[in-house]
Amino acid sequence: MTDPVAQGVPADAMTRLAELRPGAPGALFTSDLSVNEFLLVREAGFRPLGLVLGSSIYHVGIQVGRWSKNMELDQLSGAMYHARELAMTRMEAEADQLGADGIVGVRLRVEFRDFGSDIAEFIAIGTAVKADDTSQNWRNNKNQPFTSDLNGQDFWTLIQAGYAPLGMVMGTCVYHVAHRRLGSVLGSVGQNVEIPEFTQALYDARELAMTRMQAEAQALHAEGIVGVYLDQFHHQWGGHTMEFFAIGTAVRPLRADHVIAKPQMVLGLDR
């Protein structure tokens, strides 16, 4: 079991987790799942144990890109990845302390604080769950609780189809997009024309983020990644520097002979 104190989990969180742990006197669960999501997660065979979270307030350093060159700002890419990883690791340590098999409905966000324009809080939060079926190992190949950002409905559908989540996988790339030279700007005035240096910059940055996400899934021995979305943030860096962030849930089949159920037609009675 991961040592949550060594991971940076505070003493107050440890006290809260002890009160939530199954078997503790008066134990109850907490969850940010909606009522419908809660019921579907229970129907899928998982009991919510408690809300788990991880936080990291991180100073994001400075790296300047060359004015006329498309380039990744690798120091900033590393900072944004490491800060999120710290938050995720602490959330997983809290779930581990509860004896959870996984965490569902994970939300991962970045909030820049008033401490300074280069200081941000990275937050991971979700609901730790325990499987009713103890014959199946739901943890991933790193013996960590699985993590998933799927909502309750999609999580139920995934389990019903014979697949299990392994973990949230992500890739990030902070990229500086070159400024256009004056001659290039004047040459396209009043014309419908592609700006190839911009196209290539954004294409390259997205590819780097996607490739890194896929590498994380391969490290988990996943069959694939579902629920992928690719986001773009400017944060505090101005118009020519942006972060491209790819995230999804890596999955594996529960058994080799599973059969995916066919969708059933539902007719509403409302007029």
Residue list for the range 198-238, restricted to those being assigned to a loop (DSSP other than H, G, I, E, B) and over 16 Å from residue 173 (Cβ atoms): 220, 221, 222, 223, 236, 238
I'd like to verify a number: residues in the range 11-28 that are part of a loop (DSSP other than H, G, I, E, B) and either open to solvent by less than 90 Å² (accessible area, probe 1.4 Å) or under 15 Å from residue 98 (Cβ atoms) (or both), how many? 7
Identify, by number, the condition in (1) modelled with pLDDT of 90 or more; (2) more than 27 Å from residue 211 (Cα to Cα); (3) open to solvent by 40 Å² or more (accessible area, probe 1.4 Å) that residue 144 doesn't meet. (2)
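With respect to residue 72, determine if the residue is of a type in the set (Asp, Glu) and modelled with pLDDT of 90 or more.
Taking the combined requirement at face value, the residue does not satisfy it.
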Scanning the range 124-183 residue by residue, those among the hydrophobic types (A, V, I, L, M, F, W, C) and either free of Cβ contacts under 8 Å to residues at least 40 places away in the same chain or not in a strand (DSSP E or B) (or both) turn out to be 138, 150, 155, 156, 158, 159, 161, 177, 178, 182
Could you identify the single residue in 259, 193 that is farther than 30 Å from residue 138 by Cα, open to solvent by 60 Å² or more (accessible area, probe 1.4 Å) and at pLDDT below 80? 193
Of all residues in the range 88-126 being under 11 Å from the mean Cα position of the chain (by Cα) and open to solvent by 40 Å² or more (accessible area, probe 1.4 Å), the one that is farthest from residue 30 (Cα to Cα): 109
Hey, residue 185 within 30 Å of residue 73 (Cα to Cα) and either in contact with a Lys or Arg (Cβ under 7 Å, 6 or more places away or on another chain) or at pLDDT 90 or above (or both) or not: no
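Conditions tested, residue by residue: (1) modelled with pLDDT of 80 or more; (2) closer than 27 Å to residue 134 by Cα; (3) touching a Phe, Trp or Tyr at 6+ places or on another chain (Cβ under 9 Å); (4) open to solvent by 70 Å² or more (accessible area, probe 1.4 Å).
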| site | (1), (2), (3), (4) |
| --- | --- |
| 1 | no, yes, no, yes |
| 4 | no, yes, no, no |
| 30 | yes, yes, no, no |
| 44 | yes, yes, yes, no |
| 67 | no, no, no, yes |
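The values are calculated or read from the model by the stated rules, or taken from the named source; none is laboratory data. The shown structure was predicted, so the numbers you read here are calculated from the model rather than taken from an experiment. Counting neighbours? That spans all protein chains shown, and the Cβs are built from the backbone with ideal geometry, glycine included. Note: accessible area is taken over every heavy atom of the protein model, side chains too, but ligands, DNA and RNA are not part of it. Shrake-Rupley method; radii C 1.70, N 1.55, O 1.52, S 1.80 Å.
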